[in-house]
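The values are calculated or read from the model by the stated rules, or taken from the named source; none is laboratory data. Bear in mind that the values here come from a model prediction, so they are computed numbers and not experimental data. No Cβ is skipped: glycine too gets one built from the backbone with ideal geometry, and neighbour counts run over all protein chains shown. When the accessible area is computed, the model is the full protein with side chains, heavy atoms only, and any ligands, DNA or RNA have been set aside. Shrake-Rupley method; radii C 1.70, N 1.55, O 1.52, S 1.80 Å.
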Amino acid sequence: MKNTLIVIDGPTASGKSNLAYNWAKIWNCPILSADSRQLFKQVDIGTGKPEQNQLKTVQHYFMDTLPVDSSYSVGQFQRDANELLLELFGKHNKLILCGGTGLYIKSILKGLDNLPESNREIKDQVAQMFLENGIEGYQSYLEKADPAYFATVDKNNPRRLARAIEVILLTGKPYSSFKLYNQHELPFQVSELTLMPARNTLYTAIEKRVDFMIKSGLVDETKSLLQFRNCQALDTVGYKEIISYLDGNITLEVAINLIKQHTRNYAKRQITWFKKESQGNFIDPENKQAIETFFNLFK
């Protein structure tokens, strides 16, 4: 059988991690995580990492890899993951890539954008824009300069917004016009399974997950990480809202409701991304027969 990378992706709370874990146990193969926050140590509850017994039973790569105060880019992931895949396919004929960070997955399957390098002058100009008008200034500028990209980007992610604005200022062209990926021939075959739950089922799962995170100690975890509040690892839904609560800006009840709302918003953006980018099989995780049929392709 030719070496095969089984990609399990989809929106948050769709059941990706458990499915990947169950299959990895059966196939005796490792899992490569495609999650841009689970990479970092110490951010455990807020990033929804798999349970410790799962991490001990099945080897997970790109999980708890980096110090919480470090940074990591999609370009680094592409390089590191491709090197690791070549190494692991020397020992396994099946590997699993699992996660919901669409750019990470796309960097492996299709390559990266041909985007121009920024420079200090432009970076300083964009940083000044933030100092003067905050994230609302980024949002307003990008909505006018590139409405196509603005419609799909995480509007609460200042790093994503800033990068797009840098490219626009550098080139005078919309950021979305550069979304042309370097096609590259892969030395293995790919089978992609995109979990796509019914919307109401997904939203119920998200609310339960947030409640579980709070019960599991998300507030205390965030409190212990306050010195890293401006680091990439904590620039994510869950931590940002709890930090606002710890700063005294909102009540805990409001923070929890905001986490649920922002997670639903994030899931909607993921759904839009995967409907556009995934070349795999869209399967409702409740459809056990379809899941089993997909699994049986690799017996």
Two pseudo-spin positions, 7 Å from Cα along C-beta at Thr57 and at Thr293, lie apart in nanometres by 2.8
Would you kindly derive the ³J(HN,Hα) couplings of region 242-248 from the backbone phi angles with the Karplus curve 6.51 cos²θ - 1.76 cosθ + 1.60 (θ = phi - 60°), listing them in order in whole Hz, with x for Gly and Pro? 5, 4, 4, 5, 5, 6, x
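Beyond 26 Å between alpha-carbons counts as too far, so tell me which of Lys2/Lys110; Lys49/Lys94; Lys208/Lys276 fall in that bin. Walk me through the intermediate numbers first.
Working: Lys2/Lys110 19 Å; Lys49/Lys94 23 Å; Lys208/Lys276 28 Å.
Cα-Cα > 26 Å for Lys208/Lys276; rest within.
Given a 1.4 angstrom probe, what's the average accessible area per residue across the chain, in square angstrom?
50
Quote the charge dipole size of the chain about the Cα centre in Debye, to the nearest 20; the model charges only the Cβ of Lys and Arg (+1) and of Asp and Glu (-1). Mind dumping the intermediate values first?
Working: 36 positive and 33 negative charges, 139 e Å.
Rounded to the nearest 20 debye, it is 660 debye.
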Starting from the Cα-Cα distance between Leu66 and Gln261, subtract it from 0.36 nm times their residue separation and give me the gain in nm to one decimal. 67.3 nm
If you count only protein heavy atoms and use a 1.4 Å probe, how large is the accessible surface of Leu55, to the nearest 10 Å²? 40
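Compute the whole-percent fraction of alpha carbon pairs in the chain spaced more than 29 Å apart. Write out the running numbers ahead of the final one.
On the way: 16532 of 44551 pairs.
Roughly 37 percent, rounded to a whole number.
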Once Lys and Arg are counted +1 and Asp and Glu -1 for all other residues with Cβ under 14 Å from that of Asp9, the total becomes +3
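List the longest stretch of the chain that has no exposed loop site; here a site is one of the GluC sites (Glu not before Pro) assigned by DSSP to anything other than H, G, I, E or B, with at most 16 other Cβ within 10 Å. It would help to have the intermediate numbers written out before the result.
On the way: sites that count: Glu51, Glu117, Glu185, Glu286.
The segment 186-285 is the longest one with no such site.
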Please report, as a whole percent, how much of the solvent-accessible surface of the chain comes from carbon and sulfur atoms (probe radius 1.4 Å). 48
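Calculate, in nm to one decimal, what Arg269 and Gln42 gain on full extension: separation in residues at 0.36 nm each, minus their alpha carbon distance.
79.1 nm
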Once both label points are put 7 Å beyond Cα along the C-beta direction, the Asp154-Val190 separation in nm becomes 2.1
Which of these, Ala205, Ala34, Ala13, has the largest mean-square fluctuation under a Gaussian network model of the chain (Cα springs below 10 Å)? Ala205
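Considering only the chain, what is the antiparallel percent among its DSSP beta bridges, to the nearest 5?
On the way: 1 of 22 bridges.
Of the beta bridges lying entirely in the chain, close to 5 percent run antiparallel.
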Under a point spin-label approximation (7 Å from Cα along Cα-to-Cβ), what is the Phe282-Arg199 distance to one decimal in nm? 1.3
